[in-house]
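Novice: Take this structure, written in structure tokens, and hold onto it; I'll ask about it next.
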Amino acid sequence: MSQHDSHAGTALVVLSHHRTDSLTAHTARRAAARLEAAGYGIDMLDLHAEGFDPRMNVSDQPDWGNREKPYSDEVHAHMQRILDADVVVVVFPVYWQSVPAILKGWIDRVWNYGFAYGRSKPRLAGKRMLWLGLAGATADDPVVEGMQAVLEANLSDGIAYYCGFSHSTIGLLTDAEERPQTIDAEGNLLVGEAVAGAERETQYADLDRRARGFVDRFAADSLSVPNRATSGIR
Ligand SMILES: Cc1cc2nc3c(=O)[nH]c(=O)nc-3n(C[C@H](O)[C@H](O)[C@H](O)COP(=O)(O)O)c2cc1C
């Protein structure tokens, strides 16, 4: 973890991918660099590299009668990183029109009752969130419209806004696969030729450009809105 004070505040960049040479990890590193250039101190949370355990366990199961219930030390440390952040940027591959299990586990365990929700004045109120999801589907695949809608309902409405965030954007990055894949009218999966050479460079440069657009717009909007002070949890 690297964390620095800076005039724009702190950006918690959450990477959810098992390979450090993945397109997702590359996109997370570039997002962090853009946020740093915009004046943010970066807290990079690589869930796999840090060995995050996504399994809900007994000590992290919410006790509905007690909002002050202490959770595990691991979860309290993650809660503090969220509190210390002014913006949260999550970078992940879209799996089954949702987030990978390790990222879902981070939300299940850390965004807990009494911390992320269940208070009359949400502790995360005013923070801003960007979800950058890399999808294998091609931009012209009809599945993309529904994917965008389901991610907005799940991640923005169901998680960020439910927890008092003032803003949440889904940055869906299609064409993340080197082999274009589509489903035809009969339900058959059609896997195209692997893109190679200059065409592949162009494809990835385009994905980089789209990702940068999401991050830059998010950073510009965030800086035009005053950040609210956050407080400790213990
Ligand atoms: C388990 C699994 C589920 C996936 N589900 C979807 C999906 O629902 N929609 C989609 O467009 N791509 C899906 N994909 C493709 C991934 O989004 C794609 O491989 C990934 O974004 C590529 O980035 P990476 O090279 O960093 O892994 C899935 C891939 C895996 C392994």
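Novice: Can you tell me how many residues in region 163-187 are within 13 Å of the ligand (Cβ to nearest atom) and part of a loop (DSSP other than H, G, I, E, B)?
Specialist: 7
Novice: Give all pairs with beta carbons closer than 6 Å in which a residue from region 181-194 that is at pLDDT below 80 meets a residue that is surrounded by 10 or more Cβ atoms within 10 Å (Cβ to Cβ) and β-branched (Val, Ile, Thr); count only pairs at least 6 apart in sequence or on separate chains.
Specialist: Once the first residue is at pLDDT below 80 and sits in region 181-194, its partners that are surrounded by 10 or more Cβ atoms within 10 Å (Cβ to Cβ) and β-branched (Val, Ile, Thr) give Gln181/Val191.
Novice: Right, something else. Tell me which residues, restricted to region 110-152, are outside any helix (DSSP H, G or I) and within 16 Å of the ligand (Cβ to nearest atom).
Specialist: Answer for region 110-152, where residues must be outside any helix (DSSP H, G or I) and within 16 Å of the ligand (Cβ to nearest atom): Trp131, Leu132, Gly133, Leu134, Ala135, Gly136, Ala137, Thr138, Ala139, Asp140, Asp141, Pro142.
Novice: Kindly establish whether Thr20 is hydroxyl-bearing (Ser, Thr, Tyr), more than 16 Å from the ligand (Cβ to nearest atom) and farther than 16 Å from Trp106 by Cβ.
Specialist: Taking the combined requirement at face value, the residue does not satisfy it.
Novice: Is there a residue in region 87-102 that is modelled with pLDDT of 95 or more, more than 30 Å from Gly192 (Cα to Cα), in contact with a Ser or Thr (Cβ under 8 Å, 6 or more places away or on another chain) and not polar (S, T, N, Q)?
Specialist: yes
Novice: Counting just the residues of region 83-99 that are in a strand (DSSP E or B) and in contact (Cβ under 8 Å) with a residue 24 or more places away in the chain, which one comes out nearest to the ligand (Cβ to nearest atom)?
Specialist: The selected residue is Pro93.
Novice: When the residues of region 23-40 are narrowed to those that are in a helix (DSSP H, G or I) and away from the ligand (no atom under 16 Å from the Cβ), which ends up surrounded by the fewest Cβ atoms within 10 Å (Cβ to Cβ)?
Specialist: Ala37
The values are calculated or read from the model by the stated rules, or taken from the named source; none is laboratory data. Everything numeric in this text was worked out from a predicted model, so none of it was measured. In this analysis, Cβ positions are derived from the backbone assuming ideal geometry, glycine residues included, and neighbour counts consider all displayed protein chains.
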